[in-house]
Amino acid sequence: MNFFFNRSEQGEAGPLRIDLYGASVDATGSASRVVRLPAPFNAPLGSVRSSYSVAFSRTHAFWTVNNDGSLDVHAFSMKLDGEWIPADMSLELPGDCVLHEFEYAFWAVPYAPLLFFSAKERDASCKVLPGSPSDVFVVKLNEAGLPEGVPVPVAGVSQPGKSDAEPSLSPDSCWLYFASERDTPDKLRLFRAHRVE
């Protein structure tokens, strides 16, 4: 599988939860072998737990879970070799500001201990700014796949008061692609920036 996404699971009363799926996409853009990811990525059928925003490095998987269909949101990291035991991953800004986003739009760098994600911009007291703009963050990871230090907005990409989100890297890891409303308020467009260490 080389393509991962989330989609709503339908029930008699409408969407009950969101689950993670994988597929194989060929050079023409056609997807085949679409499968629902197994536990621990998804909860058993019938659960209200939703899973979002999965990304893979060569050694770890990262994804978000909303346990109760409301606001019990957690980010997880899991080593891919071994017993597949997820670790609760706290993403914390300065001032004990713990992030609880539904979808982080994780992007893991395959060969480097870096994780890119997007989250709502906050003030010094951890309150989301008016209009809920978002920033693109990066955090260094330790060998366990957990944050080593504090996530920081990506310099030259995240602009105060503007929504910058959905980070991804080019195959050679030299370009960072992201969505932004910087030139078109309330309309997201695709941008790229040369990655700088």
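With contacts taken as Cα pairs under 8 Å at a separation of at least 6 residues, region 51-120 carries a relative contact order of 29 percent.
The Cys residues in the chain with no partner Cys Cβ within less than 4.7 Å of their Cβ are CYS174.
In vacuo Debye scattering of region 52-162, one point per C-alpha: log10 I(q)/I(0) at q = 0.16, 0.20, 0.22 Å⁻¹? Values returned for q = 0.16, 0.20, 0.22 Å⁻¹ are -0.71, -1.09, -1.29. Convex hull of alpha carbon positions in the chain: directionally averaged projected area 12.5 nm². Among GLU121, GLU101, GLU143, the residue with the largest mean-square fluctuation in a Gaussian network model of the chain, with springs joining Cα atoms closer than 10 Å, is GLU143.
Close Lys pairs in the chain (alpha-carbon distance under 28 Å; sequence gap of 8 or more, or different chains): 10. If I build a Gaussian network model for the chain, linking alpha-carbon pairs within less than 10 angstrom, which residue out of PHE62, PHE106, PHE76 has the largest mean-square fluctuation? Of PHE62, PHE106, PHE76, the most mobile in the Gaussian network model is PHE76.
Against the compact-protein benchmark of 2.2 N^0.38 Å, the Cα-based radius of gyration of region 29-88 scales to 1.20.
Karplus-derived 3J(HN,Hα) values for region 108-116, using 6.51 cos²θ - 1.76 cosθ + 1.60 with θ = phi - 60°, are 9, 7, x, 10, 10, x, 10, 10, 9 Hz; glycine and proline are entered as x.
Only Lys, Arg, Asp and Glu carry charge here, each on its Cβ (+1 for the first two, -1 for the last two); on that basis the chain has a dipole of about 400 debye about its Cα centre. Rounded to the nearest 0.05, the FRET efficiency derived from the C-beta distance between HIS194 and ARG7 at R0 = 25 Å is 0.15.
Candidates SER163, LEU80, VAL98 compared by Cα position along the dipole of the chain: farthest toward the positive end lies SER163, with charges placed on Cβ. Summarising the label geometry, the points placed 7 Å from Cα in the beta-carbon direction at ARG122 and ASP72 lie 2.1 nm from one another. If the elastic network links every pair of Cα atoms under 10 Å, which of SER90, SER51, SER70 fluctuates the most in the Gaussian network model of the chain? In this elastic network of the chain, the residue with the biggest mean-square fluctuation among SER90, SER51, SER70 is SER70.
Here, each number is a calculation from the coordinates, and none is a lab measurement. Since we're looking at a predicted model, the values are computed, not measured. Neighbour counts are summed over all protein chains in view; Cβ atoms, including those assigned to glycine, are modelled from backbone coordinates with ideal geometry.
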